[in-house]
Every structure is written in structure tokens, then in C-alpha cells.
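Taking it in order: structure first as C-alpha cells, then the write-up.
The values are calculated or read from the model by the stated rules, or taken from the named source; none is laboratory data. Here the structure is a predicted model, which is why all the values come from computation and not from measurement. Glycine gets a Cβ as well: all are built from the backbone with ideal geometry, and neighbour counts include every protein chain shown.
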Amino acid sequence: MVARGLEEEYVKILRDYLSGQGEDQLYGAQQLGKWLLSREISPEELTDLHGRALEKLGEVPEFVRASFSILTEVMIEYGIEHRSVNSWKSRHQQMESEIAVASAMQQTLLPREIPVYPSVDIGLVSVAANQISGDFYNFISHDDQRFSLTIADITGKGIPAAMCMSMVKYAMDSLGEIMLGPDDMLRHLNRVVERNIDPSMFVTMLLGSYDTNTHRFRYAVAGHEPGFLYRAKTGRFYDLEGQGAALGLCPDTQYEEQEIQLEKDDVLILLTDGVTERKINRCYLQRDELVSYLQAEVGGSAQQLADALYSKLLLLSRFELPDDYTMIVLRRNESIAGREAKDGSDN
């Protein structure tokens, strides 16, 4: 039932309009309409309110009074839809709140700082296409010369992806103390993922370990987008080798460890498919095109290269980001000891 005070206010607005029919009266009606919406007054209640207001203003012809019965019945259907929309809005607001919580939780899973080593320059760009990203990356410093890194892509979006990311992160943390090789680490992670996520989901991942003393990078791949290795001596980019089933598909999958040696100014580029699967002028970006863009920026620092490529692809795709975008760049620099030795020999 509509409150008595509201009915009196409505009668006043209606009387003022019928006597003056000016803009002020219409503005008052608009404000009342907003108030009615905020109180979730249904269309059929408003119809009844208007009918009663007319009767208070004077005698209402019988055919007009009868027409309100028909109008009320029609408005009942509008009222049902009105309540359905309000219910949807409420659920949408609740979902937005849950997504905001999941997004905040997801940020706590990502490393706050990139490890710093004198002989290795590290760059990173990671941008979510939506509020919650399906991309995951991680750095773990083991000591003053070794660190591990991970780059992964979780199928699906939203809260399920965030929950899966949380599981992967905590599984990696618990296994990190065992100091497994990349192949064994993927094998253990695969069992965890296969047992705990929906069968429709899976995780692609590249997991590697870098020794800053020997500049050897050991890694294993689980269905992930192959990265690139730039050899400074030849001035060319090469595809990284390695393959293996994505995590979560088969519990007994075995993974093969690969190893590469980085020489001075060599660059290692790891990425997700949000970098490579990009439409440029209605055509998907070809791998040789991506290599040409990388070639143009390879002379800068690791972070400059990562930033420049992201900006270039964003511009070419007209600032559309159809998928989550993550790129990690590692460049071998000459070590401090090496520079000191060289300076000494020059003198």
C-alpha cells in the first residue's frame, strides 16, 4: 500500500499541474517519479494512486473509473517485470562486490617486486583485459644468484580463474622449499590442478629457473605459448623449444626439461597468448610480424622493450585489449665483476 502522505503529495502535484500546466509542475512530477523508483513503488500501485487522486479532485466519469481497472491489470505485468529487473540489479551489485573482492585477492597473489640481480635485467608488463585476470606470473628468489619464474594462463575468466590462481600459487609455495627441477615441479603441480579444478578448466604454464652465475636458464613447458630467445651474436630471434600437456588434463603427464645458455646481451622473452593472438586490421598478428616489432626495440633495457611492445600492439589494435596481456623480458648484462676485469685490462 502507498503511504497516506505520498497520496496527499501526489494529489497536490496533480492539482497544481491541472490548474497551471507549467514546467514547475512537471519538474515536481519528475522528482516524485525518482522518489517512487527509489522506494520500489510498482507500476500497478502507481496506477491505483493516480485513480484515487483523480477521485479526490472531483467527480470521475464511470467509463474513466472502469478504464483504471483495465489499466491496473495491464500494469500488473509491467510490475512483475519491474520486480524482476530490480532483482537482477540486486544480484548484479552483489556480483560486482564479489568480483571486487576476488580482484583484490588476486593482486595479493602476484609478486609486489621483481627480483634485482646485477647481471640480469628483468622487465614485466601484465595488464588484465577485465577486472579479474586469467594470467599469472611469479618470481621466487632462492638466494643471491638463483631465482625461479613462472608465467601461466588459466582458462576461463572471473572468480573461477582467481580461485584457480590462488590454488596454483599456494601449491607452488609449498613445493618451492623442496627445490625441484622445472619438470618435476610441473609434474607435481599438474596433479594438484587435475584433482582440484573443474574438468572444463586447465592451466598452461612455463616454469623456469635462472642461475645468474652461469646464466643458464632451465625450464619446462605445460601447453604454454612458446617464447623467444634473441641471440645478440646473430641479431636474430629464435622460438623457444619445449612442449607438454597443459596442467589439469591428465594426471600422469611427464614434462621435459630444457636448458639454454644466455650470452652477453641475449634476451629471453616469455609471454601469454594475449600478446600473440591479437587482431590487427581484421587479421591476426603473425609471428614474423611480432618478431619485427621486437627487433625494433631489442636495443633498449628489458623494461623499455616490454613497455614499447605493449604500446605498439595497443596502438595497432586501436586500443582494444581482447585478452589478458603478460610479457616477461630477461636480458643478460655484463656482470659487475666482468666490467671491472675489462676496465683493469684496458688500463
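Out of 215, 188, which single residue is in the same structural domain as residue 254 (by TED's automatic domain parsing) and in contact with a helix residue (DSSP H, G or I) (Cβ under 6 Å, 6 or more places away or on another chain)?
On the way: 215 fails: in contact with a helix residue (DSSP H, G or I) (Cβ under 6 Å, 6 or more places away or on another chain).
Being in the same structural domain as residue 254 (by TED's automatic domain parsing) and in contact with a helix residue (DSSP H, G or I) (Cβ under 6 Å, 6 or more places away or on another chain) holds for just one of 215, 188, which is 188.
Does at least one position in region 25-43 carry a residue that is at positive phi and among the small types (Gly, Ala, Ser)?
no
Please tell me if residue 125 is β-branched (Val, Ile, Thr), in a helix (DSSP H, G or I) and either more than 30 Å from residue 224 (Cβ to Cβ) or touching a residue at least 12 places away in the same chain (Cβ under 8 Å) (or both). Please lay out each step first, then the result.
Working: β-branched (Val, Ile, Thr): yes; in a helix (DSSP H, G or I): no; either more than 30 Å from residue 224 (Cβ to Cβ) or touching a residue at least 12 places away in the same chain (Cβ under 8 Å) (or both): yes.
Answer is no for this residue.
Just to check your reading of the model, which residue among 124, 109, 71, 149 is within 30 Å of residue 48 (Cα to Cα) and touching a Ser or Thr at 6+ places or on another chain (Cβ under 9 Å)?
71
Does at least one position in region 225-234 carry a residue that is in a loop (DSSP other than H, G, I, E, B), touching a Lys or Arg at 6+ places or on another chain (Cβ under 6 Å) and surrounded by fewer than 22 Cβ atoms within 10 Å (Cβ to Cβ)?
There is no residue in region 225-234 that is in a loop (DSSP other than H, G, I, E, B), touching a Lys or Arg at 6+ places or on another chain (Cβ under 6 Å) and surrounded by fewer than 22 Cβ atoms within 10 Å (Cβ to Cβ).
Please determine, by comparing only the residues of region 235-257 that are surrounded by 18 or more Cβ atoms within 10 Å (Cβ to Cβ) and of a type in the set (Ser, Thr, Tyr), which one is modelled with the highest pLDDT.
If we take residues in region 235-257 being surrounded by 18 or more Cβ atoms within 10 Å (Cβ to Cβ) and of a type in the set (Ser, Thr, Tyr), then 255 is modelled with the highest pLDDT.
Which pairs have Cβ atoms under 8 Å, sit 6 or more apart or on different chains, and link a residue in region 232-246 that is outside the structural domain of residue 263 (by TED's automatic domain parsing) to one that is at pLDDT below 95?
Once the first residue is outside the structural domain of residue 263 (by TED's automatic domain parsing) and sits in region 232-246, no partner that is at pLDDT below 95 comes close enough.
Considering only region 197-212, how many residues are of a type in the set (D, E, K, R) and at pLDDT below 90?
Residues that pass the stated criteria total 1.
What's the total number of residues in region 136-168 that are surrounded by fewer than 17 Cβ atoms within 10 Å (Cβ to Cβ) and either outside the structural domain of residue 325 (by TED's automatic domain parsing) or hydroxyl-bearing (Ser, Thr, Tyr) (or both)?
2
Please state which of the following conditions residue 171 fails to meet, knowing it meets all the rest: (1) crowded, with 17+ Cβ neighbours inside 10 Å; (2) touching a residue at least 24 places away in the same chain (Cβ under 8 Å); (3) more than 22 Å from residue 276 (Cα to Cα); (4) in contact with a helix residue (DSSP H, G or I) (Cβ under 7 Å, 6 or more places away or on another chain).
The failed condition is (2).
Contact list please: Cβ distance under 8 Å, first residue in region 249-267 and touching a residue at least 40 places away in the same chain (Cβ under 8 Å), second residue of a type in the set (Ser, Thr, Tyr) and part of a loop (DSSP other than H, G, I, E, B), pairs at least six apart or on different chains.
261/214
Return yes or no: is residue 278 buried (at least 18 other Cβ atoms within 10 Å of the Cβ), among the basic types (Lys, Arg) and either within 14 Å of residue 329 (Cβ to Cβ) or under 25 Å from the mean Cα position of the chain (by Cα) (or both)?
In short, yes.
Can you report the number of residues in region 277-304 which are part of a loop (DSSP other than H, G, I, E, B) and within 18 Å of residue 232 (Cα to Cα)?
4
I'm trying to understand the selection: among the residues of region 172-187, which are modelled with pLDDT of 85 or more and either farther than 22 Å from residue 114 by Cβ or of a type outside the set (A, V, I, L, M, F, W, C) (or both)?
Result: 181, 182, 183, 184, 186, 187.
Residue 179 is checked against (1) out of contact with any Cys (no Cβ under 9 Å at 6 or more places or on another chain); (2) under 16 Å from residue 323 (Cβ atoms); (3) assigned to a loop (DSSP other than H, G, I, E, B) and fails just one. What number does that condition carry?
All conditions are met except number (2).
Within region 47-100, how many residues turn out to be among the acidic types (Asp, Glu), more than 30 Å from residue 163 (Cα to Cα) and either assigned by TED's automatic domain parsing to the domain that holds residue 162 or part of a helix (DSSP H, G or I) (or both)? Full working, then the answer.
In the first step, residues of region 47-100 are kept if they are among the acidic types (Asp, Glu); the result is 48, 55, 59, 62, 73, 77, 81, 96, 98.
Next cut, more than 30 Å from residue 163 (Cα to Cα) only: 48, 55, 59, 62, 73, 77, 81.
Add one more test, that the residue is either assigned by TED's automatic domain parsing to the domain that holds residue 162 or part of a helix (DSSP H, G or I) (or both), and what stays is 48, 55, 62, 73, 77, 81.
Going through region 47-100 one residue at a time, the tally reaches 6.
Considering each of 246, 296, 308 in turn, give the residue that is touching a helix residue (DSSP H, G or I) at 6+ places or on another chain (Cβ under 6 Å) and of a type in the set (A, V, I, L, M, F, W, C).
Exactly one of 246, 296, 308 is touching a helix residue (DSSP H, G or I) at 6+ places or on another chain (Cβ under 6 Å) and of a type in the set (A, V, I, L, M, F, W, C), namely 308.
If we keep just the residues of region 188-210 that are more than 25 Å from the chain's Cα centre (by Cα) and crowded, with 20+ Cβ neighbours inside 10 Å, which is nearest to residue 254 (Cα to Cα)?
209
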